[in-house]
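Before anything else, here's the structure in question.
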Amino acid sequence: MKHSLKLMIALAFAGSALNARAAADLLQVYRDAAAFDAQYAAARAQRDAGLEKLPQGRAGLLPTLGLSASTTWNDVEATARATGTTRGVEYNNNGWNVSLSQPLFRWQNWVGYKQAELAAAAAELQFTLAGQDLMLRATQAYFDVLLAQETLATAQAQKTAIAEQLESAKRNFEVGTATITDTHEAQARYDLADAQVIAAENDLAVKRQTLRTLTGKEPETLKGLKPAVQIGRPQPDDIAKWVESAEGGNLSVQLAQTNFEVAAREIEKQRAGHFPTLDLVASHGKSGTGYSSTTGSGSDTRSNTIGLQLAVPLFAGGATASKEREAVALNEKARADLDNARRSATLGARQAYLGVSAGLAQVRALEAGVASSQLAVESNKLGYEVGVRINIDVLNAQSQLFDTRQKLAKARLDTLVAQLRLKAAAGTLTVDDLAAINALLE
């Protein structure tokens, strides 16, 4: 009986290993999420739309070419006032014209092109940021299922252990070595354990549905962490270096920096509304008329023109100056957003680093706690058999053991997620980091 509890726990936690060959891993879940997740698909479409800003901005520097054509039917009657004679003429006018305009000096167009380059870069950054977010969401959903499975296995193992203790209390009561109180206490714990199993089953169903919403699939089993897995410390193991990396490398900071540069260009663009513009214009066309009052007959005309067109804005009702002031205010907003992004990134890096450090310390403490709790269960069970411990002592020791095991599983998973969040804060999170965690699964 001394080793029966250890055997039950081993069997409960080994259930998922029986189907390991068919189990999905973290990388597979991430790939499924990248192909199915609607939020990531929206980010991809947003990136594609943002990249179109570049050819749109370039178009302001390139020539424009247009073709126009017309045909008009004329029915004219002319009456002489002196004689009252009426004369009617019917004829057709038609023609076509090709025009070319090439900007030579339009400073706002050049600034707009530079803005378009920045907007395209911002679109790429936004999509990369969405990719990092997807990695974190996929990992969190995967680990939530693992933790729910561990919670259910713990609840089932605890229920089995309490059932065994309940039977022992009943036998001891029948032979007169224990009171009915022991039986009632064990029965109450068993009923509570039964309720905990039901709650754990429901939570697991919810977590699996969340994963299915992310990936479009619901694998029957997921690979879990290897027993006694060793989690390394972050490299470099220096919080100051991580904070420094986050201040410049965080993708949200880079995005805010790009938006600030766009806003600065907008001031220059609106200020260019006061500047003159110079264009090269050229045209080639042909027109024909069925009647000319000068010649009394039809005529055809061909024309070619080329020249420079200068436009000097003088007054636009104050709109240009107002837009410039608006751009200055928006530039100040972008500067404040950049400062906020830097502060948030450094705070996130500090929190994630401390989360990893605290998580590793918690894992070590809980590993020791599991070992000591296991010894406490065995000691209390032996003491109960020889009469120096009561049933409630055994039940409390069992509860402490299972609770510590569950906390250990959660601490390990939370620490791994904190490591990913730390790299995301520094802007260095990649699929290789997921692969490194994937190697810890079995």
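Values in this text are rule-based calculations from the coordinates and carry no lab data. A quick note: this is a predicted structure, and the numbers were derived from the prediction, not measured. Here the Cβ is made from the backbone with ideal geometry for all residues, glycine too, and neighbour counts use every protein chain on show.
Between helix 239-249 and the chain, what is the angle of the helix's C-alpha long axis to the longest principal axis, kept within 0 to 90° and rounded to the nearest 10?
It works out to around 20 degrees.
Helix 38-51 versus the longest principal axis of the chain: what angle, 0 to 90°, nearest 10, using Cα atoms?
Result, in degrees: 30.
Counting helices only, and only those DSSP H runs with n ≥ 4, report the 222 nm mean residue ellipticity of the chain as the sum of -39,500 (n - 2.57) divided by its residues, in deg cm²/dmol to the nearest 500.
Numbers: 11 runs with 291 residues, N = 442.
It lands at -23500 deg cm²/dmol.
For the range 216-272, I need the span (max minus min coordinate) of the C-alpha atoms along each principal axis, in Å, sorted largest to smallest.
Ordered largest first, the range 216-272 gives principal extents of 66, 39, 8 Å.
I would also like to ask the following. Once phi is turned into ³J(HN,Hα) by the Karplus curve 6.51 cos²θ - 1.76 cosθ + 1.60 with θ = phi - 60°, what whole-Hz value does each residue of the range 322-332 show in order, with x for glycine and proline?
Using θ = phi - 60°, the values come out as 5, 5, 5, 5, 4, 5, 5, 5, 5, 5, 5 Hz.
Listing Asp203, Asp339 from the residue with the fewest other Cβ atoms within 10 Å to the one with the most, what is the order?
Asp339, Asp203
Find the Rg to Rh ratio for the range 271-390, where Rh is the Kirkwood radius over alpha-carbon pairs and Rg uses the same atoms. The partial results should precede the final answer.
On the way: Rg = 42.5 Å, Rh = 24.8 Å.
Taking Rh as the inverse mean 1/r over Cα pairs, Rg/Rh reads 1.71.
Explain nothing, just compute: Karplus ³J(HN,Hα) = 6.51 cos²θ - 1.76 cosθ + 1.60, θ = phi - 60°, for every residue of the range 23-34 in order, whole Hz, x for Gly and Pro.
Karplus-based 3J(HN,Hα) across the range 23-34 equals 6, 7, 10, 5, 5, 5, 4, 5, 5, 4, 5, 5 Hz.
To the nearest 20 debye, what charge dipole does the range 270-398 have about its Cα centre, counting +1 at the Cβ of each Lys and Arg and -1 at the Cβ of each Asp and Glu?
Dipole magnitude for the range 270-398 comes out near 360 debye.
Treat the count of other C-beta atoms within 10 Å as a stand-in for reagent exposure and order Phe315, Phe275, Phe173, Phe143 from fewest to most.
By the 10 Å Cβ count, ascending, the order reads Phe315, Phe275, Phe173, Phe143.
Just one of [x] 37, 29, 20; [y] 35, 25, 21; [z] 81, 26, 17 is semi-axes √(5λ) of the Cα gyration tensor in Å as worked out from the coordinates here. Which one is it?
[z]
Using Cβ contacts closer than 10 Å as the measure, can you line up Trp242, Trp107, Trp96, Trp73 from fewest to most?
Exposure proxy ranking, most exposed first: Trp73, Trp96, Trp107, Trp242.
Mind listing the long-range amide H neighbours of Leu222? Cut-off is under 5 Å, sequence gap 5 or more, other chains count too, H placed in the peptide plane at 1.01 Å from N.
The answer is Ala24.
Placing one identical point scatterer on every Cα of the range 172-318 and ignoring solvent, what is log10 I(q)/I(0) from the Debye formula at q = 0.09, 0.12 Å⁻¹?
These q points yield log10 I(q)/I(0) values of -0.84, -1.01.
Helix 180-215 against the longest principal axis of the chain: what's the angle in degrees, Cα atoms only, rounded to the nearest 10?
20
Would you work out which of Val328, Thr305, Asn250 lies farthest towards the positive end of the dipole of the range 245-334? Charges go on Cβ: Lys and Arg +1, Asp and Glu -1.
Checking the options against the dipole of the range 245-334, the answer is Thr305.
Is the shape of the range 103-209 rounded, prolate or oblate, going by the alpha carbon gyration tensor and its root eigenvalues a ≥ b ≥ c, with a/c under 1.5 for rounded and a/b larger than b/c for prolate?
Working: a/c = 8.32, a/b = 7.49, b/c = 1.11.
Prolate.
Using a cut-off of 19 Å between alpha-carbon atoms, which lysines can reach Lys381, once sequence neighbours fewer than 8 places away in the same chain are excluded?
Lys2, Lys6, Lys159, Lys170
Moving on to the next point. I'd like to know how the range 324-442 sits against the 2.2 N^0.38 Å rule of thumb: what's its Cα Rg over that expected value?
Normalised Rg, Cα atoms only: 1.78.
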